[in-house]
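Student: Could you have a look at this structure, given as structure tokens, before my questions?
Computed from the coordinates by the stated procedures, all read-outs in this text should not be read as laboratory data. This one's a predicted model, so the numbers in the text were calculated from it and none came from an experiment. Note: ideal-geometry Cβ built from the backbone for every residue, glycine included; neighbour counts use all protein chains shown.
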Amino acid sequence: MSEVIIDVGKRHIKEVNEEIQEACKAGKKIVVANTLSRHNLGVGLPKGADISFQGSVGYYCGGLNNGATINIERNAGWGTGEAMAEGYITVDGYAGMSCGAAMLGGTIHVKGDAGPRCGVAMKGGNIVVEGKIGYQSGFMAHAGKIIALGGAGESCADALWEGEVWVAGEVDSLGVDVKVIEPTAEEVAEVDAILDPLGLVDNSRNWRKMISGQRLWYFESRDANAWLMI
Amino acid sequence: MCGIAGRILQAPGKVGRDLVELMDAQEHRGADSTGFAIYGIPIDEGYILRGMGFNKVNLDKDMAEFHAILKEHDSDFLEEPKFIQDDNAHYCTRMVIKDPKDLSRWVMDIDNISDRFEVQSCGRSLEIVKDIGSSEEVAQKHGVRDMIGTHGLGHARLATESSVLPNASHPFWARPFSDVAIVHNGQITDYYTWRDKLMRQGYRFLTYNDSELIAIWISDQMKQGLTMQQALEKSISSIDGVFTYMIAQPNGIGFAKDRFAMKPLVTIQENGELAAATEEQAVRRVISEEADVINYDGPSMMKIWGVGNKKVAA
């Protein structure tokens, strides 16, 4: 696979993204240099694309990913991989707020920490964070798994639907309507199957699996006692 | 969705130029108006004053009235007013005045002509320059790139809570405290509750901008004896809304952030210097190498950075 280097600098992002799309069509491996934390880089990339950002990126990098393999060699701003359908995104550093927001499928792997609301309203796929996930991560996650190896911030897994939040470290506080359960061996095996390709399996972990307590699912706004839960 | 920025240099330098760059990179966050609070080399005598008259037709009348009020407070011009005008109706002015006998009383009296004229900053080193238009437009009109200083704040405004008016631009001066300025990104949801309380205490609001409320709220807390750090901490639990604001004083810059962690702040701190902004790509404009950034992403966060590596008293 031949390689093409695309320079960002102060160029218009639309122009850079058009060049990236052309390189995808030509089946080239893409290296994006001089990224300068610019926003909206590599949005809507197609299946089979292989792209590496040599530096930090801004907001929405890899958003609407449709099957590409994306590597960000430093930090990523807000909304990394937002609404992605499939593919892989690896962030070598830190990912800002709302990483993987509303994603439908695929895997996001963050080697550092992830900011608040990681996986907010996600509808499928997996987010693996080697560090800590921020405030209110997993908020209203409809499906999919958020797996945090380093811990979780305040209000973790608030108002979950059918999503799951797995934390191996400390949890600062739980959100509303969360149930913490002891996972079964089969469930741990499922998580290990996600971690295995990333070389992150460790059998000594003490997992806490968070799922919905389901009280909010049938919330009756006229019930004063129910409000006290919040 | 406004954009804010802060910059601290090790020694007096082109802080105006850096703030213009920080705000130019964030112009997409709000191009209604742009403003800068720049802390220059402090003057030994008097206050540097920046003001705005709302209609240049009244310039002579405004200045005559302004001068009369100055005299009533045992003050006068140490440096004659200079005026900046363009096609817009308003005009801006810069002058140096002798210390009034009582700064707060003088400010109160000057505010009585506020339907025509507004003092926008007053300090030994602080100068607030703000106007409608983009960072580049405001910089060119007011010569911001050439302003020398140690630190400062910047703001790009997307008007959400009040009109697009030159005086509703940020930064806001924490009147009547000299040399205190704030910039804010967010919405204060209990604005009218606090405004009402503060107005009953005698504070005067010159706009309906919720950021002005933070400046006056901070003034009130400091008047009650709180330090900058204490006031920042208290604001997080007292003021309702989603916000990240930065406050500057001659000895440093601080920030506070709401309990919901909705408004970002990213910094690079290197060699006693600071570049802070709403977006990482903005701080890269002034510190372009891949230095590590610190994301202040969590809820209820606050921090103060001192100028020249000095600690600010807690």
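Student: So for the range A:129-205, Kirkwood radius off the Cα pairs, Stokes-Einstein at 25 °C and 0.890 mPa s: how many µm² s⁻¹?
Tutor: Rounded, D is 195 µm²/s.
Student: Taking Rh as the Kirkwood radius computed over C-alpha pairs, what is the Stokes-Einstein D of the protein assembly as shown at 4 °C in a medium of viscosity 1.567 mPa s, expressed in µm² per second?
Tutor: Estimated via Stokes-Einstein, D reaches 52 µm²/s.
Student: Step through the table entries A:LYS47/A:LYS123; A:LYS14/A:LYS111; B:LYS61/B:LYS197, compare each Cα-Cα distance with 31 Å, and write down the pairs that go over it.
Tutor: Beyond 31 Å: B:LYS61/B:LYS197.
Student: Tell me which lysines have Cα within less than 19 Å of B:LYS98's Cα, excluding those fewer than 8 residues away on the same chain?
Tutor: B:LYS71, B:LYS82
Student: Could you tell me the center-to-center distance, by alpha carbons, between the range A:1-68 and the range A:164-211 in angstrom?
Tutor: So the two Cα centres are separated by 33 Å.
Student: A follow-up question, please. What does the structure give for A:132-144 when I average, per residue, the other chain Cβ atoms found within 10 Å of the residue Cβ?
Tutor: Per-residue shielding by partner chains comes out at 1.
Student: Given a Förster distance of 60 angstrom, what is the FRET efficiency for B:ASP99 paired with A:LYS25, based on the Cβ-Cβ distance and rounded to 0.05?
Tutor: 0.30
Student: What number results when the radius of gyration of the range A:3-228, computed over Cα atoms, is divided by 2.2 N^0.38 Å?
Tutor: Compactness ratio reported: 1.05.
Student: For B:LYS263, list the lysines whose Cα falls under 19 Å from its own Cα; do not include residues on the same chain fewer than 8 positions away.
Tutor: Of all the lysines, those that pass the test against B:LYS263 - Cα under 19 Å, at least 8 places apart if same chain - are B:LYS234, B:LYS303.
Student: Still on this structure, please answer the following. If the convex hull of the alpha-carbon atoms of chain B is projected onto planes in all directions, what is the mean projected area in square nanometres?
Tutor: The directionally averaged projection comes out at 14.4 nm².
Student: Right, here's the next one. What is the distance in Å between the Cα centroid of the range B:176-242 and that of the range B:20-46?
Tutor: 20 Å
Student: Of the beta bridges DSSP finds with both residues in the protein assembly as shown, what % are antiparallel, to the nearest 5?
Tutor: 65 percent
Student: Taking every pair of Cα atoms in the range B:46-124, average 1/r, invert it to obtain the Kirkwood radius, and report Rg/Rh to two decimals.
Tutor: Using Cα coordinates only, the ratio equals 0.94.
Student: Which value results for Rg/Rh of the range B:167-285 when Rg is the Cα radius of gyration and Rh the Kirkwood radius based on the inverse mean 1/r?
Tutor: My calculation puts Rg/Rh at 0.96.
Student: If you rank A:ILE72, B:ILE132 by fewest surrounding Cβ atoms within 10 Å, what's the result?
Tutor: In order of increasing Cβ crowding within 10 Å: B:ILE132, A:ILE72.
Student: Next question, about the same structure. Using DSSP to define loop residues, name the chymotrypsin sites (Phe, Trp or Tyr not before Pro) in the range B:128-200 whose beta-carbon has at most 12 other beta-carbon atoms within 10 Å.
Tutor: none
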